[in-house]
Structures are given as C-alpha cells and as structure tokens.
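Throughout, read-outs are computed from the coordinates displayed, never taken from laboratory work. Source: prediction; values computed, not measured. Because the Cβ atoms are built from the backbone with ideal geometry, glycine has one as well, and the counts that use them run over all protein chains shown.
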Amino acid sequence: MPPTTRLESARAMVPKLELAGIRKQFSFAGKTLPVLEGVDLSVEEGEFVSVIGPSGCGKSTLLNIMAGLEEPDQGTLCMDGADAAGRLGKVGYMPQKDLLLPWRNVLDNTILGPELQGVSRSRARQQALGLMERFGLKGFEGHYPFLLSGGMRQRAALLRTVLAGRDVILLDEPFGALDALTRSRLQEWLLELWSGLGKTMVLVTHDVDEATLLSDRVYVLTARPGRVKMVMPVALPRPRTLDMVTQPAFLSLKASLMTALREEDLRAQEEPWR
Amino acid sequence: MTTRGSAEARRGLPAARPRRRAWLGAWLGPAALVGAIIALWQGAVMAFGIPHWKLPAPSTIAAELVASRGLFLHHTWVTLKEVSLGFGVALATGVLLAALIAYFRTFQRVAYPFVIASQTIPMVVIAPLLLVWVGYGLAPKIIVIVLIAFFPIVVNTVDGLRAVDPDMVHMMRTLGASRWQVFIKVQVPTSLPFLFSGTKIAITFSVIGAVIGEWVGASAGLGYLTSISVPLFLTARSFGAVLILAALGTALFLAVALLQRQALPWHEAQQRRQALEET
C-alpha cells in the first residue's frame, strides 16, 4: 500500500468486510456437493447489505463463513483490510432460531456476550437495562424466554447480539419464523434501530420486500452452486418507512430482484442435483 | 436478577391453583386401591385363620410397629445413615465421572467400558468379598450402595451433557465463548433435568443397596432386622421392617422430585406450558 498522509480517508476506502473468490463444498456419503463457487462480496462500514437467493443456494453457508463458524475451501476474507482468520467471536451473529437459554431470564440472556468477555454481571445488566425499552422488552426483563412471543424472543436475541459489541452484525433470516404482521413490524423497527446504532449489517433472507426495504445494496446469489448473479444498489431515500413498499420506485426495484430470483429458482427446480 | 423482575416472572407462569384439585383426584384412586387390598388381606387372614408367623394380618403388623417402635427407630436410623452416606458418595463420583466423560474424549474411551462393566458383576458376588476386604462396619455397605447408585447418575448426566442443541453451541462460539464456557454455561444447565432423573433412580437403588449390604453381614439396620426376624418366625417384625424400607425409598424419591421442582423452576414451568399447549 502506498504511504499516505490522509490516513483517515485511506481507512474509509477499505471495506469493513471483503470476501473474494469464496469456494466451499460439502462432502457426504462419498459425494461432494459444491455450495459456493467463487463468491465476491464487500460491505462498507455502516452499510446494510442483504443476500438473497433461492433456497439451498448457500447463503447461510456464506454467513457462517463470515461469522467464522466455517472456513472456506478457497478464497480470502478480510476485515478492515486485514486477514480475518480469528474472526470467530469477533463478528456479531444472529441465527434464525433465537436460541435463548431457557434457564436464564431475558435480562441474563441478553448479557451473555459481555459476560463471556469477562465484564461483571452487574455492569452488563446496567447496560442491558438501558436498552430494554428500545428493544420493546421493558417490563419483561425477569421473564423466562418461553413466556415471550416469537417477536419478543427475536428482539431479545438481537439485543444479545448487539450487546456483544461487535461492529459487524450478521442476520440469518431473523424474522423467517414469524407471522407476516409481526415480521413487517420488526422490519420497520430494525430500520430505525440500524440507523441509530451505526453498525454494519449483513442480512440473509428470501424475502425480497425485506431485502429491498432495509438494504443499501442487495446481492442476488445463483442457484447452487452459489455465485453472485447481480448486485443491486437500493437508491431509496432514508429514513425509510413501511409504506414505501407500495411506491413505484420500490416496486420497480423489487420487480428486477424478483425476476433475477425467479430465473434462479427455476434453474434450481430443473436441476435439483446440480 | 432484579427482585421485581423475578416476581413478574413468577406471576407470568401458568397458574398453579387448579392443580390442587387434580392432585387430589390423582391420589384418590391409588389410595382407594391400597385400602381395598389391606381390607382384603385383613379379611382373608381372619377368615382362614392364617397363623401370624405365616402371614401376619395388617393389624398385627401395625401393632408390632407400635410395640417395637424403639427397635425399629434404631435400625431405621442405621439404614438411613448408610443410605445418605452411600448416596452422597455415589452422587459426587457419578457427577464427576460424567463431567470427565463428557469433556474429555480420551477419558470417555478409557473409563466408560469400566463404568458399564461394573454393572454386569452381580452384587451378591461382590458383597461377601467386600466383607473379607474391608470388614463388617459401615464401609462395605457404603461401597455396595455406591456401586449400585452411581451408574444411573453417570449415564443420565452424560446423556444430558450431550443433549445440547449444536446451534446453541455455534451461537455461544460467535459470542466468543471458549469450550469451557460452553460447557459451564450451556452443557451443565442442559444436563440438570437429566441429572435429577438419574438421581431419582439412584436414591431408590441406594435403599436396595443398603439392604443387600446388611443381608451379607451386619449387626444393625432394617435389612439386618428382616434377615434375623424371618428365621425366628417374627414375620410381623420382618413385614414392618420392609414397610419402613418402602416408605423410606418413596420419601427419598419424593424429596428429590421436590428439590428438582425448587431448583429448576424454568424446566418445570416449561414442561407445564408444553403440556398445556398440547391439550
């Protein structure tokens, strides 16, 4: 890298997260199944990026690789311009299942991250209590998870992820298991939350509306083995609201995403064992 | 946890009040059956004039229990001491072994075969040998109890420590948890309901273990009391001792069940909730 006097601007040029030529295949029963075949993807600091694709295209695998739960067979992954070999535990990750510990109340579930990092429980609790209202959990701090609705459980799981204090948060179909009404309510809430938190977020979803409404850019993956089919910038103004989903600008973006997604879905149907 | 928070959690649990009536209903049936059996027994003994040394009537057993209460109390105390000590040691060894087996793969390969093999040797073979090795005191009884009771604890706890949702482990890893932290904060709490199941079996086995130990060689205890009463045709005394043993086993089992409810409120409430949703 050439020496530079404007270190700040140089840092701004480096993507927060950069994946290049990511390949991954799984082997079982003597067969190998290529899942990702050369995925390039970059996310800027503070950006909201979504990854959509037909089911089984490897989008969750891609997210697991970003989280450090899996390693790619080939390809490089950089965070802030440096090789991200020890990224497990350094990247926020929210799975589709809330995975709240049933023996801990809501408050003690949300402080898991700081607790594991050695922060005292009482300090972590103070921090969590300050965010309960924003996460719609006020008054439910002492409840066990099984007493909460699905939407509340997801919000508690996201608060747990946020409190872990990582710059990048990966979301794996976080609202996939919720009913349509709850889902759109949570999408709107996430929009507002993201703009306030200043975190970099990567969302994996198969919901085109969700991807369009929330994202700065949307990556569409091909049917398995997954490659990047298209990257679509979402040039809708912010702050965004839920009623944008019926406006022409939104609909035309959605239409082109739908077309790309349909093509790949058809291909996946035709060649299920490709 | 804030006190206000926990109070709310309790209020949020499904109400416990309607269960009282259900509880009464559930116990009425068995109680009536036991009553009928006792009545039939009493009637048969009286009607056919069966001698008390062959089969004592329930009233004779009750009379013996009252008349020799000092004797029974003495022997009950001895057995209870053996059971508590033996069970305590079994619990400690069982939990420790289970933790080592679940945490260290090498230890599992080395130790698990021995744990299982220990259960294939009949206790009636080991018990007399123990007398030769460690004498007639408390020690051989404790060893018999431990050998019988540690097994269900180990097996259940190992299963529990492994019953963790792999996705939960992944989630913990992304939060920066070490393997040890995953073990302590996820695996151990997951295993607790399993540990309690194993403990319920183990505590009942402990009573049986004490009796075996006393039969082989002892100078006190309820098992010893039955073993000396039968040859003397003191059948009512022997029945009384057996009755106390049964009551002892049941009481200890219920005590563990009660402790489980107190120690794992989340588990109890979760299961109640699931049962409600299924109906």
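As I understand it, the value is the acute angle between the Cα axis of helix B:235-263 and the longest principal axis of the Cα atoms of chain B; what does it come to in degrees, rounded to 10? It is inclined by approximately 10 degrees. Mean sequence separation of contacting Cα pairs (under 8 Å, at least six apart), scaled by the length of chain B, corresponds to a relative contact order of 24 percent.
Other chains' Cβ within 10 Å of B:187-199 residues: what's the mean? Each step should come with its number before you reach the end.
Details: counts 0, 1, 4, 3, 0, 1, 1, 0, 0, 0, 0, 0, 0.
If you average over the peptide's residues, the count of other-chain Cβ atoms is 1.
How big is the charge dipole of chain A about its Cα centre, in debye rounded to the nearest 20, if each Lys and Arg gets +1 on its Cβ and each Asp and Glu gets -1 on its Cβ?
Details: 33 positive and 33 negative charges, 101 e Å.
In debye, rounded to 20, chain A gives about 480.
The Cα center of the range B:251-279 and the Cα center of the range A:202-274 differ in position by 47 Å. In this label model, A:Asp243 and B:Leu100 are separated by 6.9 nm, measuring between points 7 Å along each Cα→Cβ vector.
Compared with the dominant principal axis of the Cα atoms in chain B, helix B:105-117 is inclined by about 10°.
Considering only A:Trp103, A:Pro174, A:Val202, and ranking their Cα positions along the charge dipole of chain A that arises from unit charges at the beta-carbon of Lys, Arg, Asp and Glu, the one farthest toward the positive end is A:Trp103.
Starting from the alpha-carbon convex hull of the range B:138-199, give the projected area averaged over all orientations, in nm².
Values: hull surface 19.1 nm².
That works out to 4.8 nm², a quarter of the Cα hull's surface.
Going by C-beta contacts inside 10 Å, put A:Lys24, A:Lys97 in order with the fewest on the left.
Numbers: A:Lys24 23, A:Lys97 18.
Lowest count first: A:Lys97, A:Lys24.
Out of every Cα-Cα pair that the protein assembly as shown contains, those further apart than 47 angstrom amount to 35 percent.
One-quarter of the Cα convex hull surface for the range B:171-279, in nm²? List each step's numbers first, then the result.
Values: hull surface 44.8 nm².
Over all viewing directions, the range B:171-279 projects a mean Cα-hull area of 11.2 nm².
When all alpha carbon pairs of the range B:113-232 are counted in 5 Å bins from zero, the resulting P(r) reads 2, 11, 16, 15, 13, 11, 9, 8, 6, 4, 3, 1, 1, 0, 0 %.
Excluding B:Phe72 itself, calculate the net charge of residues whose Cβ lies under 14 Å from the Cβ of B:Phe72, where each Lys or Arg counts +1 and each Asp or Glu counts -1.
Details: positive: B:Arg69, B:Arg237; negative: B:Glu64.
After counting each charged neighbour, the total is +1.
Per-residue shielding of B:176-183, expressed as the average number of other chain Cβ atoms within 10 Å of the residue Cβ, stands at 3. In chain A, the convex hull through the Cα atoms has an average projected area of 16.9 nm², a quarter of its surface area. When the C-alpha to C-alpha distance is required to be over 19 Å, the pairs from A:Lys138/A:Lys199; B:Lys81/B:Lys141; A:Lys59/A:Lys97; A:Lys90/A:Lys199; A:Lys24/A:Lys59; A:Lys24/A:Lys90 that qualify are A:Lys138/A:Lys199; A:Lys24/A:Lys90.
Placing dummy labels 7 Å off each Cα toward the beta-carbon, the span from B:Thr93 to B:Val110 is 1.8 nm.
Dipole magnitude for the range B:68-278: computed about the Cα centre from +1 point charges on Lys and Arg Cβ and -1 point charges on Asp and Glu Cβ, it is near 260 debye. Rounded to the nearest angstrom and listed largest first, the equivalent-ellipsoid semi-axes of the range B:178-224 from its Cα gyration tensor are 38, 10, 6. Antiparallel DSSP bridges in the protein assembly as shown: what percent, to the nearest 5? Bridges in the protein assembly as shown that DSSP calls antiparallel: roughly 55 percent.
Calculation over all alpha carbon pairs of the range B:68-278 in 10 angstrom steps from 0 returns a P(r) of 8, 28, 29, 19, 11, 4, 1, 0 percent.
Here the protein assembly as shown is assigned +1 on the Cβ of each Lys and Arg and -1 on the Cβ of each Asp and Glu. Its dipole about the Cα centre then comes out at about 1500 debye. Taken over the range B:42-82, the percentage of Cα pairs per 5 Å bin, counting from 0 up to the bin with the maximum distance, is 5, 22, 20, 16, 15, 11, 7, 3, 0. Inter-chain Cβ neighbour count for B:163-175, averaged per residue, equals 6 (cutoff 10 Å, partner chain atoms only).
Eigen-decomposition of the gyration tensor built on the alpha-carbon atoms of the range A:131-274 gives equivalent ellipsoid semi-axes of 29, 18, 15 angstrom, largest listed first.
To one decimal place, what Kirkwood hydrodynamic radius in Å is obtained for the range B:49-107 from all pairs of distinct Cα atoms? The partial results should precede the final answer.
Values: mean 1/r = 0.0655 Å⁻¹.
Taking the inverse mean of 1/r over all distinct Cα pairs, the range B:49-107 comes out at 15.3 Å.
The angle between the Cα long axis of helix B:138-162 and the longest principal axis of the Cα atoms of chain B comes to about 30 degrees, rounded to the nearest 10.
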